[in-house]
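Note sheet for the following structure.
The values are calculated or read from the model by the stated rules, or taken from the named source; none is laboratory data. Keep in mind that this is a model prediction, so the values were computed, not measured. Here the Cβ is made from the backbone with ideal geometry for all residues, glycine too, and neighbour counts use every protein chain on show. Protein only, heavy atoms only, side chains kept; ligands, DNA and RNA dropped before computing areas. Shrake-Rupley method; radii C 1.70, N 1.55, O 1.52, S 1.80 Å.
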Amino acid sequence: MTGAMTVIEMKRPQDLARLRRLALSAQGLLHTQPFGRGIQGARKAIAHLGYVQIDTISVVERAHHHVLQARVPNFKPEMTHQMLLNGDIFEYWTHAAALIPIDDFRFSLPYKHALKSGQTHWYKARDHKLMHELLAQIRSDGPIRSRDIESNPSKRAGWWDWKPAKKALEQLYMEGDLMVSHRDGFQKTYDLTERVLPDHVNTKMPSLEAFAEHLLNRQLRCHGFVSLKGLTYLRRIPGLRKAVKILVTEKLASGDLEQVCVSSGEVFVLETGALERPIPRLNNRMQILSPFDNSVIQRDRLKALFHYDYQIECYVPAAKRQYGYFCLPLLYRGEFIGRMDCKAHRKISHFEIKSLHVEHHSFDDERIIAAFAEAIGQFCQFQACRTVSLTQAHPKHLAGRLQSVLKRLGDNQECVAEK
């Protein structure tokens, strides 16, 4: 990618700090309400970020709600479903299952076409007869719920075995014949795309070049700067990587983009002059982020830029876990300074911090503790938890002070009502 073009070396600590602030600002993590409040703010946040990843893990409030809560004051989990019903967003696949702005619908078409044409695969063995039957059923009888297939329907006459039918339903969804029209928790309702999609939506298939331009513009907007690898992160569309590389090379040659290199050797591209633009100041607010947050999901980028080696360990055997089952990254003043393994016990409205790991940093411990206490108070409210406890903290000398702060938090009942 670099060729003979100039690469700016980010060697000084202040250069890296500025690059980090640019990334966090682009992600909406420096302002207190960068997109506004409530459902309108959530709508703007998804439009800016380009997607919010959906995840099924419910140890704490699910990822797609958590990502929005970190950026949108007064966000409530039910707002995502309302946006789906309003036609503001739709569900589909980016690098994973995601909520996507409805205005970006046409950019879901290349992957759908690649699946339908067999250029790439969701399920390699497709049951075309069953897919045709399911489509005919939905066309004549209306939307179908995923639970309708999963509730042992093989005992009913004229139905299908649930496993093949579930695969056929998912294949129709991934190929674009169906869309999710409604959700009840993680039970989805599917309907024909033409019955779900709002009339105003652009459905013209973009060229690879137009798709590459869309990806580049969107990721420069929501990340501040990008690597070639990050631009096509986990996207399986034939020819897309080549189209992106050609586009970036052209924009570097024309001077629209410039390159920076960090100490790890990783090279990023950004709009020329972006490093000279005003960037919001850092504040003393600590943020508790989801493991699937847009700012941390590209782990190589996270490590290269923030020197933060992060892995979600719920997929790691228990004996090999270093920090815990579901650790949440902690962001403070432009640095990732720790992680928290926790669980929301919703039946008893209790938030359990199983372990808190604070990593090496240059900040005053008392400020860290105060910022953590404020963040936990708000996070408990988001989890609908009235009490909070801490089992262990690292380094150990912080444990006593953290316990005292959390006790005062409980005594003041700050976990009870939103401020």
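Looking at Glu213, Glu271, can you tell me which residue is within 25 Å of Tyr111 (Cα to Cα), open to solvent by 40 Å² or more (accessible area, probe 1.4 Å) and touching a residue at least 24 places away in the same chain (Cβ under 8 Å)?
Result of the check over Glu213, Glu271: Glu213.
Conditions tested, residue by residue: (1) closer than 21 Å to Tyr92 by Cα; (2) more than 24 Å from the chain's Cα centre (by Cα).
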{"residue": "Glu194", "(1), (2)": "yes, yes"}
{"residue": "Asp199", "(1), (2)": "yes, yes"}
{"residue": "Ala212", "(1), (2)": "yes, no"}
{"residue": "Leu231", "(1), (2)": "yes, no"}
{"residue": "Arg236", "(1), (2)": "yes, no"}
{"residue": "Lys245", "(1), (2)": "no, yes"}
{"residue": "Thr249", "(1), (2)": "no, yes"}
{"residue": "Ser254", "(1), (2)": "no, yes"}
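Name the pairs: first residue in the range 351-366 and over 19 Å from Thr391 (Cα atoms), second residue in a strand (DSSP E or B), Cβ to Cβ under 8 Å, at least 6 apart or on different chains?
His361/Tyr332; His361/Glu335; His361/Ile337; Phe363/Tyr332; Phe363/Ile337
Checking the structure you have, find out if any residue of the range 181-192 is touching a helix residue (DSSP H, G or I) at 6+ places or on another chain (Cβ under 9 Å), in a loop (DSSP other than H, G, I, E, B) and either among the aromatic types (Phe, Trp, Tyr) or modelled with pLDDT under 95 (or both).
Checking the range 181-192: at least one residue is touching a helix residue (DSSP H, G or I) at 6+ places or on another chain (Cβ under 9 Å), in a loop (DSSP other than H, G, I, E, B) and either among the aromatic types (Phe, Trp, Tyr) or modelled with pLDDT under 95 (or both).
What do you reckon, is Phe292 in contact with a Phe, Trp or Tyr (Cβ under 7 Å, 6 or more places away or on another chain) and either touching a residue at least 12 places away in the same chain (Cβ under 8 Å) or within 29 Å of Asp55 (Cβ to Cβ) (or both)?
No.
Among residues belonging to the range 322-347 that are more than 19 Å from Lys303 (Cβ to Cβ) and without any contact (Cβ under 8 Å) to a residue 24 or more places away in the chain, point out the one that is least open to solvent (accessible area, probe 1.4 Å).
The selected residue is Asp341.
In the range 62-90, which residues are surrounded by fewer than 19 Cβ atoms within 10 Å (Cβ to Cβ) and outside any helix (DSSP H, G or I)?
Once the filter is applied, which keeps residues that are surrounded by fewer than 19 Cβ atoms within 10 Å (Cβ to Cβ) and outside any helix (DSSP H, G or I), the range 62-90 yields Pro73, Asn74, Lys76, Pro77, Gly87.
So if I check each of Val72, Val67, Val59, which one is of a type in the set (Val, Ile, Thr) and in contact with an Asp or Glu (Cβ under 6 Å, 6 or more places away or on another chain)?
Val67
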